[in-house]
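Here is the structure we will look at.
Laboratory data are not the source of any read-out in this text; all were calculated from the coordinates shown. Bear in mind the structure is a predicted one, so any value in this text is a computation, not a measurement. Note that each Cβ is placed from the backbone with ideal geometry, even for glycine, and that neighbours are counted across all protein chains shown.
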Amino acid sequence: NTKLIIAIDGYSSCGKSTVAKDLAKLLNIVFIDSGAMYRCVTLYALQNGIIKNGIIDEDLLIEALHHIQISFKFDAQSKTNQTYLNGKLVENEIRGPEVSDNVSQISAIAFVRKKMVELQQAMGQTQSIVMDGRDIGTVVFPHADLKLFMTASPEIRAQRRFKEYQEKKQNIPFEEVLKNVEKRDHMDETREESPLKRADDALVLDNSELTKQEQLDFIVDQLRVRK
Ligand code: C5P
């Protein structure tokens with residue numbers, strides 16, 4: 001069995017996806033951003049009036065899950081996966097402040113998680129995969145070959161997200177970005193359903209002071225040791 005499953009969990013905006021993408025490229029395996037899936041559900045809920053002013057109509061949401069089709073397509077130009085919701089490219093939209101503000105509430109709902117976890121497990125069924133999220137090492141792939149738990153200080157994480165918004169010409173005050181990061185972490189850690197938690201066998205990677213290359217080297221070393 002040469003199938004390789006790598007689970008990367010951790011706090012929001014700590015560069016999980018960046019490392020996961022690089023790693024997938026290096027190993028030539030598939031990368032899946034599980035957060036993008038919760039973001040798609042949230043976008044759909046916002047677009048269809050299922051969540052309004054932070055209040056979710058759960059009956060409508062259960063029904064909506066039957067109409068939500070999430071897919072990833074490899075984009076040759078950016079050399080990474082892009083997210084599609086019902087056939088429409090939503091990669092940028094799902095990263096916007098409105099979705100970011102509501103996603104932790106949507107992802108706390110048990111039936112939403114159940115559906116997403118099923119889809120995620122199916123993706124790891126037949127292929128090697130690097131998946132990043134909050135519950136990948138604890139719930140989605142408890143038998144992953146390598147589990148990482150990434151973290152960095154909230155200020156550093158907010159700074160990175162702030163820069164990303166600026167690069168996209170979205171002017172969101174730093175204070176607001178920091179507040180969103182802290183609020184999401186808190187909700188993700190304290191929710192009842194699959195809270196963000198380091199799996200007992202996950203390696204901690206605090207990247208506050210590490211370059212991308214240093215993080216990658218660390219992971220590749222760990223993979224070597226495990227072989
Ligand atoms: O990873 P990202 O920050 O894009 O995830 C957005 C949100 O989706 C998280 O704040 C969390 O509420 C939720 N999420 C989750 N479980 C995952 C991935 C993301 O609950 N596996």
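Below 8 Å, C-alpha to C-alpha, sequence gap of six or more: please give me the relative contact order for the stretch 1-72 in percent. Normalised by residue count, the contact order of the stretch 1-72 is 18 percent.
If you wrap the tightest convex hull around every Cα atom of the stretch 1-134 and split its volume per residue, you get 108 Å³.
Using a cut-off of 31 Å between Cα atoms, the listed pairs K169/K197; K114/K168; K16/K88 include K169/K197; K114/K168 as exceeding that distance. Among L196, L4, L60, sorting on how many other beta-carbon atoms sit within 10 Å of each Cβ, with the fewest leading, yields L60, L4, L196. The magnitude of the dipole of the chain, with charges of +1 and -1 set on the Cβ of Lys/Arg and Asp/Glu and taken from the Cα centre, is near 620 debye. Residues K21, K227, K183, arranged from fewest to most other Cβ atoms within 10 angstrom of their Cβ, appear as K227, K183, K21.
Fraction of C-alpha pairs exceeding 16 angstrom in the stretch 57-162: 70 percent, rounded to a whole number.
With a Förster radius of 35 Å applied to the beta-carbon distance between Q166 and K88, the computed FRET efficiency rounds to 0.85.
In percent, rounded to a whole number, the relative contact order of the chain is 32, using alpha-carbon pairs under 8 Å and six or more apart. Taking other C-beta atoms within 10 Å as the exposure proxy, H186, H67 rank H67, H186 from fewest upward.
Beta bridges assigned by DSSP with both partners in the chain are antiparallel in approximately 35 percent of cases. Of the Cα atoms belonging to the chain, the radius of gyration and Dmax stand at 16.8, 50 Å. For the chain, modelled as a GNM whose springs connect Cα atoms under 10 angstrom apart, the maximal fluctuation among F31, F174, F141 occurs at F174. Here the stretch 107-191 is treated as a sphere whose radius is the Kirkwood value from Cα pairs; by Stokes-Einstein at 4 °C and 1.567 mPa s it diffuses with a coefficient of 86 µm²/s. A dipole drawn for the stretch 115-212 from +1 and -1 charges on Cβ atoms has a positive end, and of V140, L178, L210 the residue lying farthest that way is L178. Among the trypsin sites (Lys or Arg not before Pro) in the stretch 47-89, those located in a DSSP loop and surrounded by at most 13 other Cβ atoms within 10 Å of their own Cβ are K79.
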